[in-house]
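What follows is one structure encoded as C-alpha cells, with my remarks underneath.
The values are calculated or read from the model by the stated rules, or taken from the named source; none is laboratory data. What you see is a predicted model; the values in this text were computed from it and never measured. Neighbour counts are summed over all protein chains in view; Cβ atoms, including those assigned to glycine, are modelled from backbone coordinates with ideal geometry. Surface areas here come from the heavy atoms of the whole protein model, side chains and all, with no ligands, DNA or RNA. Shrake-Rupley method; radii C 1.70, N 1.55, O 1.52, S 1.80 Å.
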Amino acid sequence: MKDTDLLKDYYRKTAHLYDSLQIHNRDEHHIALLFLSGYLLDLGVKSLLDVGTGTGRALAFLQQNFQDINVKGIELVPELREIALSKGLSPQQIDLGSAENLPYNNNQFDVVTAFGVLHHVQNPSRVIQEMLRVSNKYIYISDHNIYGWGSPLTKFVKQSIRQILGQVALKYVMTHGKGYHSTDYDGIFYPFSVCDYLPLLKRNCHIEFMVSTKGFANSLYREASHIAVLASKYND
C-alpha cells in the first residue's frame, strides 16, 4: 500500500476522532490563525483557499471572523470533508481533491493557506508550488520544524545530521529507513521543517513574517517546534 493510501485509510477510520485528537485550545494552528487574522485586517483580500482543510477548522474560523472574504477549501479525504460540512460550511465551499494538483486557475485566490498539512505529504515542494501557482498575492503556512523539536541533545543531533548529510538523509535516519512515521495519533507523516522550504518561498515571494506558534524561541530554526510563515508573491 502506498504512503498516500495508508494516510487516506487512517483518516477514513479516525475522521470521527480527528477534532478530539488534533484540535486543542490555543494549540499551534489556533495561534497561527490569530497571527494571520491580524494581517488579514490590513491586506484587503477578497478570496482565500485553505489547502488540506480537514474538518474545516480554519475555514469555520475565517468565515466567522471575516465575512467579507470568500473562503474555500480543498480536502483529499471525503470523511474529513463530511465533518467540515457538519459545522455549517457548504458543499460548494469545500472541494475534494489533491493538494499536489489543485483544480484551480493561476492566481485565482488572494491568499492560499495550509495548516498542518505539509508534514503529511510526500512531496511538499510540489504542494507549495501549487499554492504559489493559484495564489494571486499571499501564501501562509503553519507546520512543523523538526530541527527545533525535542530535547537540546535531540535538536543538536538532528541539526548536525542535516548540516553534514542533508535533509533527505535525516529523513531516513529518523524513520529507520522507511521515510515516514506511522502513528495512532497522527497517521502517516514525514520529518518536515518549514525552514527547508524557505529557499523555494524566497525565490517567489517576500517573507512578511515568520513566528514560533508554540512557545518562545530565540532562533526559529534551532528552537521552535512549530512555525508559521506569511509570504507575499513578487509582482510579475
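Side notes on the structure shown:
- Whole-angstrom gap from region 107-156 to region 29-46, using each part's C-alpha centre: 16
- Distance between modelled label sites at residue 153 and residue 136, nm, 7 Å Cα→Cβ extension: 5.4
- Percent carbon-and-sulfur accessible area, region 3-87, ignoring ligands, DNA and RNA, probe 1.4 Å: 50
- Ellipticity estimate at 222 nm from DSSP helix runs (n ≥ 4, -39,500 (n - 2.57)) divided over the chain, nearest 500: -11500 deg cm²/dmol
- With all protein chains kept in place, the per residue accessible area of the chain amounts to 49 square angstrom at a probe of 1.4 angstrom.
- Distance from region 187-236 to region 59-87 (C-alpha centre basis), Å: 24
- Just the protein heavy atoms count here, and of the accessible area of region 125-196 at 1.4 Å, carbon and sulfur take up 57 percent.
- For the residues 107, 70, 218, a GNM of the chain with alpha-carbon springs under 10 Å puts the largest fluctuation on 218.
- A simple spin-label model places the labels of residue 27 and residue 6 2.1 nm from each other, with each point 7 Å out along Cα-to-Cβ.
- Highest-first packing order for the peptide set 53-60, 186-193 is 53-60, 186-193, based on the mean count of other beta carbon atoms within 10 Å.
- Sequence-distant contacts, meaning Cα pairs under 8 Å at least 6 residues apart, place the relative contact order of the chain at 20 percent.
- DSSP bridge pairs, the chain: antiparallel proportion in percent, nearest 5: 50
- Above-threshold pairs, the threshold being 27 Å between Cα atoms, out of 158/178; 46/87; 8/178; 171/233: 171/233
- Checking (i) 56; (ii) 65; (iii) 52 against the coordinates, the calculated percent of Cα pairs over 22 Å apart falls under label (iii).
- If you take the alpha carbon atoms of region 160-236 and fit the smallest convex hull around them, that volume is 126 Å³ per residue.
- Cα extents for region 1-135 along the principal axes, largest to smallest and rounded to whole angstrom: 45, 33, 27.
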